[in-house]
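A quick write-up on the structure given underneath.
The values are calculated or read from the model by the stated rules, or taken from the named source; none is laboratory data. For clarity, every value in this text was computed on a predicted model and none was experimentally measured. Cβ coordinates were reconstructed from backbone atoms using ideal geometry, including for glycine residues, and neighbour counts include every protein chain displayed. Ligands, DNA and RNA are stripped out before the accessible areas are found, and what is left, the full protein with its side chains, is counted by its heavy atoms. Shrake-Rupley method; radii C 1.70, N 1.55, O 1.52, S 1.80 Å.
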Amino acid sequence: MAASTTVHSVLDKISKDHLECPICTNRFINPTMLDCLHSFCFTCLKELHQQDPNNSILLCPLCRKKTTLEDNKVDSLPKDFKLNALVDEFTVQEQLMEGHGSEVKCQACKRDHTAVSRCIDCEHFICQECQQAHQHMAILESHTIYSLAQLQSGVVTYRSKIREYIPKCGKHSDQTLNIYCNTCQKLECTTCTVLDHGNPKHDLIGIPEALDKCKQEVTELVAKAEKCKADIQTAMEQASESRKKLESSYAETSMKISLKAAKERAKITEKEKQLKQEAESVYKDRVQTFETAEATNTKEVTQVEHKLDEVNQFMTQASSHEILDFKLKLINNLDELTKKQGENVSDRLSFLEFEEYERSVGRLVLEDEQQAKAEVQAKEHETINTKQKWKLKESFSQFGFTEFKTGEFVAAFSDSEIVVLDIDHNSLFALKPQVAADTSQSTHCPQKLKLKGLSEPSALTVDNNDHLYVIDNLEVKVFNRKYMLHHQFQLSKRKLSPSCLAVDENNLIAVGYSEGLISLYNPDGSLIRTFFTPVRVDYLTLYKERIIYSSIYCSNTDKHLHSVDYQGGKVFSVDTDQSESSYGVCCDKDGSIFVAQYNGTTQNNRICKYSPDGKYIGCVIEDCGNAWDITFTPTSNLVVAAGESVNIFQVVSQ
């Protein structure tokens, strides 16, 4: 009896922790999955959507991540078959435990007989007579039957037939999804591959090969996420050690204050009180800093652990079709984890000392003054280094290609390879880095690129993963490092003119339009929001969730460098009266802003520098050619797309 009670309590805990819908708290019925990999009852999600039926976005009740509904219908969401199978298997096991082998009733007849076995094919508990019928009827004799004793003892493990489900095509209900398109990252049936994916642009592979590739990508991202988790835990451990040092130094400092004060208590009682209060105030402030960092890091680690558990559970229990169907969501979820960082607390906050004076109690020392002095000297040295000038390192005129005319956009990969868009000929050119024996000669080799799938490219950028993003009409096409099409997504269906784009460290994509608006997209191409701007957007860049943009065609009363946050809120709007028009804009590693500006006085273009908050610092390159777009290479060289040439500048100390 005690063993039975223990088994029941274990089953109850499993049901509550894993098989109950977080919304209705009942056992899952028709579990349906959101983009964040969290599942809920289908009816629960439908009721949730009915609260705001005109909104095509569902917020996950657990993590608040957004899921976009196709055609604004909950029916478009995928079913969680692995969880449905788990519920079925658990329910059967629960029935076996509750029946104790004698109370389970036959589900195949109306005679209310006690069940003695279960037919795996019929998925019914059956009595002795129904079991004999299975043995005597030719149509049933191939069915697999296990006794209740076999199922209860664990000799035979019940496995739900739901796990064997192979999804059907939504367009061709008589066909299964048996082919995977790498280009669209979708499962398709044979007919769909012929009708919709038959041209050479689509990379079609079989299910086993696609599954192996998906598992490899997931494994690599899981490893990166685990490393991020380890880094955050390291930050937590370092903060904990510094906290312990602070506790020890505070106790020792307090003791020293008391010992010194005891010698001169009659004269300096008030001073002792003041110093202790000051020490306590500093201590409490710093403890608050450590506790805040600890709370933040604990939250981040917990989130990473939960998400990794969800991914590992999904990869273990889901079918091959289901894994491939959710590949893009898996990759996006894991990619988000790899960007997480721990909040570090400076070890300087653990320093607290008391210095005795001969004629008074003494004073608090809040930092290691020798270290502080060294840091001041380093800062002065850094200030000296900021007094730098730029000189031309390399210049490429038409790259040796007569058809090259106007380089209007430029970007750089992590290996310093530069890619340029010739807007007049709808062509892309690359400057590939090479080791030159003669350092006085060019260290880049020009090459014309042929990218399949491009028709009218109008702007480009490169992200931290070395993916090339190109605006092509009203689409954004993403190419891998070998210039092969990776994926693509549609921009606004309205007749707008996308003019520029940029990608941030989290792979969020901002697209600017000549009509005076900016759209922000998720890595999978789903729209986050669109907001209007006071002027047209010709060039933009992203830095720490800020969008900095410029406009070529501004009125004489509206010559500004603008910055907004990701909600469209104004950060700054600076009058650039140093120039007639502003062109390309980019940021260095410290967030300083560089802008290509046309100087109406000297009739040429120059590069000006602004602080991260938009304050004008000065002109850093006086004559840089007919500058359009600018960008930095990983080696901090400044690349200028200057019409018929590309100029590369490097910084030198004065």
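Below are the figures for this structure:
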item	result
Cα long-axis angle, helix 207-263 against the chain (0 to 90 degrees, to the nearest 10)	60 degrees
Cross-link pairs beyond the 31 Å C-alpha cut-off, checked among Lys65/Lys245; Lys79/Lys339; Lys284/Lys615; Lys224/Lys389; Lys46/Lys452	Lys65/Lys245; Lys284/Lys615; Lys224/Lys389; Lys46/Lys452
Long-range HN-HN contacts of Gly342 with modeled amide H, under 5 Å	Ile232
Helix-only CD estimate at 222 nm, as mean residue ellipticity for the chain, using -39500 (n - 2.57) per DSSP H run (n ≥ 4)	-11000 deg cm²/dmol
Probe 1.4 Å - accessible area at Leu501, Å² to nearest ten	10 Å²
Accessible heavy-atom area order of Cys500, Cys24, highest first, probe of 1.4 Å	Cys24, Cys500
Electrostatic dipole magnitude of the chain [Cβ: Lys, Arg +1; Asp, Glu -1; Cα centre; debye, to 20]	400 debye
Theoretical FRET efficiency, 1/(1+(r/R0)^6), r = Cβ-Cβ of Gln152 and Ile57, R0 56 Å, to 0.05	0.75
Listed peptides 158-165, 512-519 by packing density, highest first (mean Cβ within 10 Å)	512-519, 158-165
0 to 90° range, to nearest 10: angle between helix 369-386 axis and the chain longest Cα axis	70 degrees
Gained length - Glu644 relative to Thr68, 0.36 nm times residue gap less alpha-carbon distance	203.0 nm
Residue-count net charge about Lys244 - beta-carbon cut-off 13 Å; Lys, Arg +1, Asp, Glu -1	-3
Carbon + sulfur, % of accessible area of the chain - ligands and nucleic acids excluded, 1.4 Å	49 percent
On Cα atoms only, tilt of 2-18 relative to the major axis of the chain in degrees	50 degrees
Shape parameters for the chain, alpha-carbon atoms, Rg then Dmax in Å	33.0, 110
Cβ-defined net charge surrounding Cys192, 13 Å radius [Lys, Arg +1; Asp, Glu -1]	0
Residues of the chain: accessible area per residue with a 1.4 Å probe, Å²	52 Å²
